[in-house]
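Below are the structure tokens for one structure; questions will follow.
What follows is calculated from the coordinates using simple rules that are stated; it is not laboratory data. Keep in mind the model is a prediction, meaning the values are calculated, not measured. With ideal geometry, Cβ positions are generated from the backbone for all residues, glycine too; neighbour counts draw on all protein chains shown.
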Amino acid sequence: MTLFAVPDFRNLSLILRVFVSVSILLLLLPLLSADNQQDYYTQAVTLAAWVAPFVIITLTVLLLCMRFVLNHAYDTVMAWAITMASYLFCAILFQFPSEAWFADMILISVYVWGFMHYHAILQRALSPALSEAKLAALTARIRPHFLFNSLNAAIALVRSRPAEAEMVLENLADLFRAQLKDGNQASTLGREIELAQGYLAIETIRMGHQRLQSMWYVDAPEQAEVPHLLLQPLLENAVYHGIEPSHRPGEISISIIKRQDWIYIRIDNPLPEESNKTKKRQGNQMALANLSDRLTLMYDADATVRSSKQGDIFRVDMRLPYRKAV
């Protein structure tokens, strides 16, 4: 069980949380030693005068070194060491009283390790979503309804359309390989689009080109860093809950665009006819809740995912911060 974990300071919401918690401490610390109201305000202003630049410098250094720190074997020690080095730099630069250095470093160390302990607790609370997502996706892939029909479709195409049969088997193998990948690893947008298109290609051949159609609009860098298995489970939900229960042809629309420092993803699928709503399949909201937990684990509060009904369309909207994969 991990007691401490380094948070990803590339998340804006995490930086805001640091500023809020530090501000609360600045308001509380003078109460421990102030004798009157004047002393309280004087000490609060004095503390803020050096704490503010120290926090800004420390967060800037951590932000620049984040990839190195997160990939280091002793990431927590590295984060603490960077914070201490930042304090010593500020102490020399702003000429802090040397007799207060030791006490300040003790208080800062308690805050840093406490913050990392809080993040470790948050990770433990959300990490089951990773294994659940991997298990659910793998279960879906070996679901007899999907697997056997996909294999039967490939067998039927071997003689008449061998190229399509080969494509079905290659995409099926690619999907299995993706499910076995470590769910903690990040992926790229290009790779996730490739997996999602491979899945839809299988389903299109299995169900027929008239029954299932897809429309893609992508205006975002393929090297954008995104969570593993981001799109394919959502498209599987769209097929399983929107296309299969319906007797009408259906189109799944996927839009992925980059605006400033954000990536916006929208997936639309038709809702089944009114007569089939009593046979509505379960699990869609569970999958969305699982995805929300995984996004929180990777992006904190910076990423959002929500679903809505727009007439006879079921819509999933996501917003992710743009990060370029290494």
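At TYR217 and PHE68, where each label point lies 7 Å from the Cα along Cα→Cβ, what is the point-to-point distance in nanometres?
Roughly 4.2 nm, to one decimal.
If amide hydrogens are placed 1.01 Å from N in the peptide plane, which non-local residues have theirs closer than 5 Å to the one on VAL226?
Amide H neighbours of VAL226, under 5 Å, 5+ apart: SER187, THR188, LEU189.
So, one more: With θ set to phi - 60° and the Karplus curve 6.51 cos²θ - 1.76 cosθ + 1.60, what are the ³J(HN,Hα) couplings of the range 256-268 in order, to the nearest whole Hz, using x for Gly and Pro?
Karplus-based 3J(HN,Hα) across the range 256-268 equals 10, 9, 10, 10, 6, 9, 10, 10, 10, 10, 10, 10, 10 Hz.
Taking 0.36 nm per intervening residue step and subtracting the Cα-Cα distance, what contour gain separates LEU93 from ILE313 on full extension?
Details: separation 220, 0.36 × 220 = 79.20 nm, distance 5.95 nm.
Length gained, LEU93 through ILE313: 73.2 nm.
Going through the range 24-94, which chymotrypsin sites (Phe, Trp or Tyr not before Pro) have at most 11 other Cβ atoms within 10 Å and a DSSP loop state? Intermediate values should be presented prior to the final figure.
Values: sites: TYR40, TYR41, TRP50, PHE54, PHE68, TYR74, TRP80, TYR87, PHE89, PHE94; in loops: TYR74, PHE94.
Those that pass, being in a loop and sparsely packed, are TYR74, PHE94.
Classify the range 12-126: rounded, prolate or oblate, from the alpha-carbon gyration tensor (a ≥ b ≥ c, eigenvalue square roots; a/c under 1.5 rounded; otherwise prolate if a/b is larger than b/c)? Write down the numbers at each step before the final one.
Working: a/c = 2.17, a/b = 1.54, b/c = 1.40.
Judged from the Cα gyration tensor, the range 12-126 comes out prolate (a/c at least 1.5, a/b above b/c).
With contacts defined as alpha carbon pairs under 8 Å and 6 or more residues apart, what's the relative contact order of the range 12-126 in percent?
Values: 41 pairs, mean separation 22.0, N = 115.
Contact order relative to length: 19 percent.
Each residue of the range 41-46 in turn: what ³J(HN,Hα) in whole Hz from Karplus with 6.51, -1.76, 1.60 and θ = phi - 60°, glycine and Pro shown as x?
Values per residue, Gly and Pro as x: 5, 5, 5, 5, 5, 5 Hz.
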